[in-house]
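Engineer: Mind looking over this structure? Questions follow.
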Amino acid sequence: MILWHNPRCSKSRQALTLLQENGVDPTVRLYLKDTPSVTEIEEVRRALGLPALGMMRRGEKLFKELGLADADDAALVEAMAAHPILIERPIAITPAGARIGRPPEEVLVLLGDSCQ
């Protein structure tokens, strides 16, 4: 499992703790420093099964400044690659799928029945 993580975010820290408490030591990717590419963001978007807008921090000041409310998926993915602060956090990613940790317990869905 890979966790796109921001250690300054309480929800992201909570998701990491929940995973660790359930025996998972995810590979932590500090996505604000190690910015995902357009291709990676698109792959995660497909794994989430969401439009690009669904994986964005729409309340972020930059979202409004860039006028992204009516942008298409391609433009939104490009914006996330250029400005990773726009990516919702945390995102847990496995070969079986991905989940946004909002609430943090959502990441446990990827662990299957053992945590339900």
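Readers should treat all values here as calculations from the given coordinates under stated rules, not as data from a laboratory. Only a predicted model underlies this, so the values are computations on that prediction, with no experimental measurement involved. No Cβ is skipped: glycine too gets one built from the backbone with ideal geometry, and neighbour counts run over all protein chains shown.
Engineer: In the list A15, A79, A75, which residue meets the criterion of being farther than 21 Å from V107 by Cβ and touching a helix residue (DSSP H, G or I) at 6+ places or on another chain (Cβ under 7 Å)?
Structural biologist: A79
For (1) aliphatic (A, V, I, L, M); (2) within 13 Å of W4 (Cβ to Cβ); (3) surrounded by 18 or more Cβ atoms within 10 Å (Cβ to Cβ), each residue gets a yes or a no:
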{"position": "V38", "(1), (2), (3)": "yes, no, no"}
{"position": "L50", "(1), (2), (3)": "yes, no, no"}
{"position": "L53", "(1), (2), (3)": "yes, no, no"}
{"position": "F63", "(1), (2), (3)": "no, no, yes"}
{"position": "E78", "(1), (2), (3)": "no, no, no"}
{"position": "R89", "(1), (2), (3)": "no, yes, yes"}
{"position": "G101", "(1), (2), (3)": "no, yes, yes"}
{"position": "V107", "(1), (2), (3)": "yes, yes, yes"}
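Engineer: Out of L50, L3, L19, I need the residue that is closer than 17 Å to R102 by Cα, part of a loop (DSSP other than H, G, I, E, B) and among the aliphatic types (A, V, I, L, M). Which one?
Structural biologist: Sole residue among the options that is closer than 17 Å to R102 by Cα, part of a loop (DSSP other than H, G, I, E, B) and among the aliphatic types (A, V, I, L, M): L50.
Engineer: Checking the condition of a type in the set (A, V, I, L, M, F, W, C) and over 11 Å from the mean Cα position of the chain (by Cα), which residue from A79, A98, A92 passes?
Structural biologist: A79
Engineer: Further question: Step by step: first the residues of segment 53-63, then only those that are touching a helix residue (DSSP H, G or I) at 6+ places or on another chain (Cβ under 7 Å) and either part of a loop (DSSP other than H, G, I, E, B) or among the charged types (D, E, K, R) (or both), then the one that is farthest from L110 (Cα to Cα). Which residue is that?
Structural biologist: Across segment 53-63, the extreme among qualifying residues is E60.
Engineer: Take the conditions without any contact (Cβ under 8 Å) to a residue 24 or more places away in the chain, farther than 18 Å from P7 by Cα, assigned to a helix (DSSP H, G or I) and out of contact with any strand residue (DSSP E or B) (no Cβ under 7 Å at 6 or more places or on another chain) and apply them to E43. Does it pass?
Structural biologist: yes
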